[in-house]
Amino acid sequence: MTDSNSSSEGIDDTDRGVNRRTVLTGVATGALAGLGLVGTASGHWVRGTPVFCGCDQLCVCVAGNADVLMAQETDDGGYDVGFVVDGGRLDPAPTGTPHYSGDFCVSTADDNVPDGKIIGLQVAGTRWVNPDQCAQDALDAEQRQLDSTHLRPAGNLASDCETPPCVDSEIEATWEDCETVSLSGPDENLEEIVVYLMRCFDDPGLGCPDGAQATIDDPELPLTLGRDRLAVGDEPYHIDAVEFVGGVHPDHITPPDDFDCGFDQDDTDAIEVIWTDCETVSLSGPDENLEEIVVYLMRCFDDPGLGCPDVAQATIDDPELPLTLGRDRLALGDEPYHIVALDFIGTVQPDDATPPDDFDCHFE
């Protein structure tokens, strides 16, 4: 990586509040998507990059567990694709703990490895693919047979697959305060850093808090992210999260739990939120700067054509407080529902609200 390719694109102010609203929408959609899926543990990741020697061998260093993806040619010239499981079989949808763990090499000459081509490696939510030409037709078949939305980075090619190519790809983060974090570690697989910020302006037209982000392409480590590097002015700000794009670990960081990364504001200007239950919340307080309330809901219908859960949202323009949000105000029928989150649009605080942690807001 060279300095000529490194840049900070500055802070995108064109869609203030969009990040916050996107995150809240994701709360509801994520809840829906996760109902039938086993979550991937963040403790499983590739250290460095897997190496493939043709389609016969693979070596990798893994923190946690992994599955090896193979393809066997069929009589009609196609491929059957699956993951190596006990007994030297291929299973397109294995369950339980992945078959491999730690740092390892695997070869089609090994016992309990079937004949065929090694075309990939599955680690948590990432499916590394073999870049060798020998694997491409089989990978085309894999994408047709094993539909997925996994990340698909390419591994490296090598002539020697005798030992795992272990390198330390852990990025180390040192938080000085809520405004500043220093990063160190390997950057060869680090493509981009995205910094998510919250800022506080005295100007009512900009408001407090105000969401923004900064993108750093082709970053070189060590690197300190602070006021100068993020091109913020004199306004108070704090870093909410830092996302790392590329084959590195971790994929994001947030400030330590014992950091108090908020803004000092007058609590008398705050909207008071009182949850009666998972279906009903009452709001009171100043509304002159409250432009809109967005309510994110989960509903449950008996009709299989509508399903359970069903994601929905309701928007209340120019709301007047006090206001109680419940079944009648949200124009719902008799179906069970619960409120996932509220988003307050305007120069008000807080800017969102969710049910208390001790509320059990689920469907039976």
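Scanning the range 256-274 for residues that are at pLDDT 85 or above and either assigned to a loop (DSSP other than H, G, I, E, B) or within 16 Å of residue 328 (Cα to Cα) (or both) gives 256, 257, 258, 259, 260, 261, 271. Pairing each residue of the range 207-220 that is in contact (Cβ under 8 Å) with a residue 24 or more places away in the chain with any residue that is among the acidic types (Asp, Glu) and buried (at least 21 other Cβ atoms within 10 Å of the Cβ), provided the two are 6+ apart or on different chains, yields C-beta distances under 7 Å for 209/351; 219/187; 220/187. Selection of the range 75-111 for residues being open to solvent by 70 Å² or more (accessible area, probe 1.4 Å) and farther than 21 Å from residue 64 by Cβ yields 75, 76, 80, 89, 92, 109, 111. Can you give me the ranges of the strands (runs of 3 or more DSSP E) entirely in the range 288-364 with at least 1 residues that are over 14 Å from residue 275 (Cβ atoms)? Per the criteria, 290-299, 310-317, 337-346.
The listed residues are 214, 231, and the only one of them that is farther than 29 Å from residue 329 by Cα, touching a Ser or Thr at 6+ places or on another chain (Cβ under 8 Å) and part of a strand (DSSP E or B) turns out to be 214. Residues that are within 17 Å of residue 49 (Cα to Cα) and assigned to a strand (DSSP E or B) are absent from the range 130-148 altogether.
The values are calculated or read from the model by the stated rules, or taken from the named source; none is laboratory data. Everything numeric here is computed off the predicted structure, so don't read it as measured data. When we count neighbours, we look across all protein chains shown, and the Cβ atoms used for this are built from the backbone with ideal geometry, even at glycine. Just the protein is used for accessible areas: all its heavy atoms, side chains included, with ligands, DNA and RNA removed. Shrake-Rupley method; radii C 1.70, N 1.55, O 1.52, S 1.80 Å.
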